[in-house]
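A short worksheet on the structure shown next.
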Amino acid sequence: MSEELTIAIIAALAVAAVLLAWLSMMLAALESAISRVTRANLNNLMIEVQSDGELSDFTRQKKIRRLHAAQRIVMHRYAASNSCAFFRICGNVLTGVLVACIAATLGYAMWVQLVAGLVVALVIACITVLMRPRTVGSAKPLSVLISHAPLAAACVRLTPFIRGRERAASGERGEAISDDEELEKIRHEQGKAALDRLIETNRFDPEVSDMLRNVLMLSDTLTREIMVPRTDMITIERDGTLQDFLCLCSRSGFSRVPVIGSDIDDLLGMAYLKDAVRATAFNPVARARDIESIMRRPMYVPESKPVDDLFHEMQRTRNHVAVVVDEYGGIAGMVTIEDAIEQIVGELDDEHDRTQHAEPKRIGERTWSMPARTPITDLEEIFEIDLDEDDVDTVYGLLTKLLGRVPIVGASATTHGLRLTAVDSAGRRKKVSTIVVEPVSVEGGDDTGSTIQQQGDGISHDGKEHGHDDD
C-alpha cells in the first residue's frame, strides 16, 4: 500500500471519527432537550411565530415546519429520546472502532489498537453524558430541539423497534395521563431523589433538610389536609355589632372572623380586626355599627387544591385567609397562608403564645388548673367522681360537648357539681389550652345535671361557634 493511500485512509478515518464524536455530542444535547420540552412550550411558540408581523412568509413557513416536526417528536417523547440514546451509544462505539483502525493502519500492536479505541470511546462517552452537550440541552431545550428536529426524526424512523416497544408499554400502563403530566411527575420524582442524595452528604442541618423535603412535598399535600375544619371555626353572625366583634377578637385571639347568616354554609364575608379598630379608634359611636359595614369579600378555594398552588395564589391575590369549599359547594373549613408556611418551617408561635402545662396544678383548696388535653380519668380521680362520659376523652372535649360549640376564653359549663372554665389559649390558632375546674353547689336541682354559661360578648350564637385565626 502506497504512502499516499495510507495517509488518505487515516485522514478519512480521522474525519469520520470526529464526525461521529460530534454526532454523539449533538444526540446527547438533543436527548436532554426532548425530555424537557412540553407541548405547551411548542404551542406558545407556534402562536408567536404565526402572529409575528416582521417575519417574511418564507421564514415563517420554515419555522412552522420545524415546529411541526418538533411537535411530532414530543408526541412520541420516549421513543425519540431512546432512539437518540441508541445512536449516541452507537456513535461512541464506532468512534472507538475508527481510532482502533487508525492505530492498526499505522502498524501498532493489537493491544495498542484495543487500548486506543477503548480510551477514546470512554472519553467521548464521558463528554456526552457528563459535560457540555447535556448542559446545553438542559439550558436551551426548545431551541436545541427545533434546530435539530430533523435529526431526531431520522433517528426515530431508523429505529421502528423502539417505537413499537413504546406502544406496547403504553398499552400495558393504560394510564389516562397526558405526556406533559407524566413528564412533570417524572421531574418531580427526580427532584426528590436528587434532594435525598444531597441531604445524605450531611451538608445541611437537620432542620434545613426537613424544610427542603417539605418544599417538594407541597405539591403532594392538599388543602383539606392543612385547613381548620368547619367545626373549629369561630364565626360572628351578621346582626353583630363592631363592639361585639371587638370583644370576640379580644377573647378568642383571632383577627379575621367569617360573617355568617343563618348557618355556617351561609357565609357572607370576612371581618378583619384592623378594619374594626380603624373604624372605632377615634369614633366610639361607631361601635354600634353592624359588622357588615366592614365586611370584605372572602376568597374561596377548593379542598382538593395542592398547597403549593394555594400558597402562590394567596401571594398573588394578597389574601392571608381563604374559605375552603367541598365538592358540593359547602363550607369545609378555613386556611391561612401561615398554614401553608407551616408545612415548610413547622409550627409557628408568636410572642403571646404560651406553652401548656404538662400536668394539672392545684391553684386553690379544691380548684385545679388543667391542660386542655388532660384525660377525663385524671379529672375523675382528682375529684373522686364518675362522669360516665364515653364519647369524649379529654377535659377540652368535655367542655366542648357541654357548650355544644368550640370553647373560647371565658366559656364556662357545669356538670356533676363541677364548673369548667376556659381561662387561657395558646398556639397560632388560639385553641383553649388551660381549663380551671372547681366544685360548685347546685341549689334546687340534681347535681348530676349540666348548665352552661358563656361569659358575655353580646353576640348571638346558634350553638355553632366556629373558629380560625390568621395573625
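Remarks
- For the stretch 353-420, applying the loop criterion from DSSP together with a ceiling of 15 other beta carbons within 10 Å to the GluC sites (Glu not before Pro) yields Glu365, Glu384.
- Euclidean distance of C-alpha centroids, the stretch 355-418 and the stretch 100-118, integer Å: 89
- Computed lengthening from Ile7 to Asp220, 0.36 nm per intervening residue step minus Cα-Cα distance: 70.4 nm
- With R₀ fixed at 56 Å, the C-beta to C-beta distance from Ser293 to Ile89 puts the FRET efficiency at about 0.15.
- Going by neighbour counts of Cβ atoms within 10 Å, the residues Ser143, Ser412, Ser262, Ser209 line up, fewest first, as Ser262, Ser143, Ser209, Ser412.
- Cα centroids of the stretch 260-306 and the stretch 1-51: 64 Å apart.
- With both labels modelled 7 Å from their Cα along Cα-to-Cβ, the Phe161 to Asp57 distance reads 4.7 nm.
- Sorted peptide list for 100-107, 274-281, 328-335, criterion being average Cβ within 10 angstrom, highest first: 328-335, 100-107, 274-281
- Loop-resident chymotrypsin sites (Phe, Trp or Tyr not before Pro) (DSSP state other than H, G, I, E or B) in the stretch 71-108 with no more than 16 further Cβ atoms inside 10 Å of their Cβ: Tyr108.
- Cα-centred dipole magnitude for the stretch 3-176, charges only on beta-carbon of K, R (+1) and D, E (-1), debye, nearest 20: 600
- Relative packing of peptides 213-220, 399-406 - highest average C-beta neighbours within 10 Å first: 399-406, 213-220
- By the equivalent-ellipsoid construction on the alpha carbon gyration tensor, the stretch 240-364 comes out with semi-axes of 26, 25, 15 Å, ordered largest to smallest.
- Protection proxy ranking of 301-311, 40-50, by the mean of other Cβ atoms within 10 Å over each peptide's residues and highest first, is 301-311, 40-50.
- Contour excess over end-to-end distance, with Cα ends at Ile382 and Val123 and 0.36 nm allotted per residue: 85.3 nm
Throughout, read-outs are computed from the coordinates displayed, never taken from laboratory work. Quick caveat, the model's predicted, so the values are computed rather than measured. Note that we place each Cβ from the backbone using ideal geometry, even for glycine, and neighbour counts take in every protein chain shown.
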